[in-house]
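One structure is given below, encoded as structure tokens.
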Amino acid sequence: MSALSLLLVLLSVASTTLSVNPGVTVRLTDKGLQYGKQLGIAAMQEKLKSIQIPDFSGSERVSPIGKVKYSLSNIRLVNVGLPSSAVTLVPGTGVRLTIGNAFMNLHGNWRVKYLRIIKDSGSFDVNVNGLTISTTIVVKSDATGRPVVSNTNCVANVASAKVKFHGGASWLYNLFSKFINKALRNALQKQICPLVDKTVTGLNPKLQTLNVLAKVDKYAEIEYSMVSSPVISQSSLDLNLKGQFYNIGKHQEPPFIPAAFSLPSQNNNMLYMALSAFTANSAGFVYNKAGVLSLYITDDMVPKGSPFRLNTKTFGVFIPQIAKQYPGLMMKLLVRAEKSPTITFQPNNATAVVTATVTAYAIQPNGTLSPLFVLNLESSVSADVYVRGLNIAGRLNLNQMKLSVGTSYVGQFQVGVLDSVLQMVLKVIVIPIVNVQLDKGYPLPALGKMNLVNPQLQIMKVRDVIFSVLTLAEIRIRFYISVETH
């Protein structure tokens, strides 16, 4: 993945009339811009190597031999150097690129005819110096929220192009080289800006790989289209992305909206990302709507070495009525979320609160399920958040839980006697199953074959917003998970 392409994605302008707070914000600093410049200049240098000067001919009157007809052919570039360059952000527009003191070396063949009968030929070299290029890269977005780039206000100037003839009577033809110098200089200047334009617009197919709609699994996808124009200052750029989960094929808005947040004023790293609580909570809403936040638990899911078994004999120890009414039967538990989980963040800590029910069944010999009781479960879990590949992932740990009896089909009982049982069920069975899914991760905004190297993450608070900070090597990125406080 070209770092210049990534750079331009971050500068993309969202053409939208909606005033919507983002779920994800990306900030490019001047340090990131300078890193992108290095690769961008290398790409530009390679493109300039393809410059082609067409054959051309003319005539000049040279003293003392009179009129000389000449032709230059097979002109090819043998070297190009861009020793001095600079990129700057243009507020509200994009990137300004300037190249100075560039040079080129060309080689070709010459042929002359004079005094009607005298012909001569040989080779020539051209030293081009003082080449300057100045252009502005304008970044916009298309109808899908993907970026497109264009080149504008390109100006190229060649200070000098000096030709040196070799072979034949080259000493004589060097006398009128100044006329050819001018012709070559003009020919070069006409070639450069079109090549710059091709370099810039050639990025558009790569920019189209931005995952504005990233599939997560068979239930969900994440939208990363741009929701507003970026805020571009002279030192940084903030790009606002939707960052919202949707059910595949059914984009229903959740009953909450993203709160406004801003990134901290830091510029030590190249790129900063902020993922808001809205994004995480939209995931909970989507999976709850899909009906997948439920789990049947059977005895074969309990570790074989555990003295606790999921049957009426074990539960009869805590609730004797169960063993009396349903002796010798296996049991099944249904754990089901009653509403979307609520995810919040505190400094160095991410927490999810889940409201669920636990329904216990006795399994009759014919497979019929006989309900025993329904418990209301309020649980709090902490999450370790990390990056795996191009995904953000997590791992849950149980903090605390609170039980109450919703319905009992076996008479009254004290719910406290089941506290240790349900804690074991959550810690040993439910949470490990959830962690397997969380470890697969959820896609981050990405472009093409982009790779994240050595990510580091921490959670921090800036004003009223909690951020998780991710630093990525190569192009060093800090990634914040921001959470709106209420």
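Electrostatic bookkeeping for Lys178 treats Lys and Arg as +1 and Asp and Glu as -1; over the other residues with beta carbon under 11 Å from its beta carbon, the sum is +2.
Across the options Phe124, Ala446, Asn348, the greatest Cα extent toward the positive end of the charge dipole of the chain (unit charges at beta carbon of Lys, Arg, Asp, Glu) belongs to Phe124.
Along the axis of the charge dipole computed for the chain (Cβ charges of +1 for Lys and Arg, -1 for Asp and Glu, origin at the Cα centre), the listed residues Val20, Ile232, Val95 are led at the positive end by Val95. Simple point charges give the picture: +1 on the Cβ of Lys and Arg, -1 on the Cβ of Asp and Glu, and for segment 213-476 a dipole about the Cα centre of about 420 debye. Ligands, DNA and RNA aside, Ile232 has an accessible area near 20 Å² when probed at 1.4 Å.
In the chain, taking the dipole from charged Cβ atoms about the Cα centre, the farthest positive-side position among Ser63, Ile257, Met331 is held by Ser63.
Accessible surface calculations at 1.4 Å, restricted to protein heavy atoms, place the chain at 47 Å² per residue.
Let me know the charge dipole size of the chain about its Cα centre in debye, to the nearest 20, where only the beta-carbon of Lys, Arg (+1) and Asp, Glu (-1) is charged.
It comes to approximately 2040 debye.
Computed over neighbours whose Cβ is under 14 Å from that of Ser233, the net charge equals 0, Lys and Arg +1, Asp and Glu -1. Close Lys pairs in segment 70-190, defined as Cα atoms under 29 Å apart and 8 or more places apart or on different chains, number 18. Normalising the average separation of contacting C-alpha pairs (under 8 angstrom, six or more residues apart) by the number of residues puts the relative contact order of segment 343-452 at 24 percent. Using the Cβ atoms and a cut-off under 12 Å, what net charge is assigned to the surroundings of Asn288, where Lys and Arg are +1 and Asp and Glu are -1? Charge balance in the 12 Å sphere: +2. Hydrophobic, long helices, defined as DSSP H runs whose alpha-carbon span along the helix axis is 20 Å or greater and whose mean Kyte-Doolittle value is at least -1.0, occur in the chain at 30-48, 177-201. Relative contact order, whole percent, for the chain stands at 15, derived from Cα pairs under 8 Å and 6 or more residues apart. Within the full protein context, the accessible area of Asp419 is estimated at about 50 Å² for a probe radius of 1.4 Å.
Treating only the Cβ of Lys, Arg, Asp and Glu as charged (+1, +1, -1, -1), what charge dipole size does segment 51-208 show about its Cα centre? Round to the nearest 20 debye.
About 460 debye.
Going through (1) 21, 52, 24, 4, 0; (2) 20, 34, 23, 14, 7, 2, 0; (3) 23, 57, 20, 0, the figure that equals P(r) over Cα pairs in 20 Å bins from 0, in percent as computed for the structure here is (2).
The values are calculated or read from the model by the stated rules, or taken from the named source; none is laboratory data. Small disclaimer: the values here were computed from a predicted structure and weren't measured. Because the Cβ atoms are built from the backbone with ideal geometry, glycine has one as well, and the counts that use them run over all protein chains shown. These accessible areas exclude ligands, DNA and RNA; they are computed on the full protein's heavy atoms, side chains included. Shrake-Rupley method; radii C 1.70, N 1.55, O 1.52, S 1.80 Å.
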